[in-house]
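To start, the structure itself, in structure tokens.
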Amino acid sequence: MAALQILVLPVQVRVLVGQQRLNENEMEGTDVPSFIEKMISEKQIKQWAEEQLKGTDLFVVHTKVSNDNAIHVVIDSDTSVTIEHCMALSRYIEQHLDRDKEDFELKVLSAGLEFPFSMLRQYQKYVGKRIQVKLEDGREKKGILQEAETGHIVLQEETEKKYKKTIKRITGGSIRIPMDDIKQARAVIEF
């Protein structure tokens, strides 16, 4: 059998050649094998998170696993996300992972007001509330979200006029914005 040479990568990998698993002593060399499998997959993390959140008003917005096994799970809710929700999900995911096999860092976060919307369900949560939309062409729109459907949103546009020391909102007409034209949308924080 020909010698296999492997470049040692800064991530933990499982190397398989045919059906044979190689040990660390066999993994020294300079060439990277054609088949490298990541130990922790985003798909699996998302599946576990969805299992835990099933039957609640919580949902997974985003999962990411970096090359150094830093796991980030962002969740949202139709009502609110508490620290207890994040802790419970973190514990649930962690019980499925084995620190003896792979080192990882796990963060479970609430989508919060500073995160842009990434799913239709988040838009629907803000129907009747003020949002800010950045369009692909660079324009920005603010207003009350009136409708959120699969292919579009309807926004009752508002503009702001400054009068001496105060700012007055002027309500305009409703505009239909295709989802494909939206670069980013988020809730407007008001005090």
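Bear in mind that the values in this text are calculations on the coordinates, not laboratory data. Everything numeric here is computed off the predicted structure, so don't read it as measured data. Glycine gets a Cβ as well: all are built from the backbone with ideal geometry, and neighbour counts include every protein chain shown.
Cross-link reach is defined here as a Cα-Cα straight distance under 21 Å, omitting same-chain residues fewer than 8 places apart; for LYS141 the lysines meeting it are LYS125, LYS129, LYS161, LYS162, LYS168, LYS183.
Remark on GLY172: its backbone amide H falls under 5 Å from those of GLU157, GLU158, THR159, a criterion applied only to residues 5 or more positions apart or on other chains, H modelled at 1.01 Å from N.
Residue order for ILE175, ILE182, ILE75, ILE83, fewest other beta carbons within 10 angstrom first, comes to ILE83, ILE175, ILE182, ILE75. The orientation-averaged projection of the convex hull spanning the C-alpha atoms of the range 42-110 amounts to 4.2 square nanometres. This ranking places ILE40, ILE170 by how few other beta-carbon atoms lie within 10 Å of each, fewest first, which gives ILE170, ILE40. Computed over the range 86-131, the P(r) curve from all C-alpha pair distances, binned at 10 Å from the origin, holds 21, 34, 26, 15, 4 percent per bin. The value obtained for the range 129-187, namely the Cα convex hull volume divided by the number of residues, is 83 Å³ per residue.
Can you put THR166, THR63 in order of Cβ neighbours within 10 angstrom, beginning with the fewest?
Working: THR166 7, THR63 21.
By the 10 Å Cβ count, ascending: THR166, THR63.
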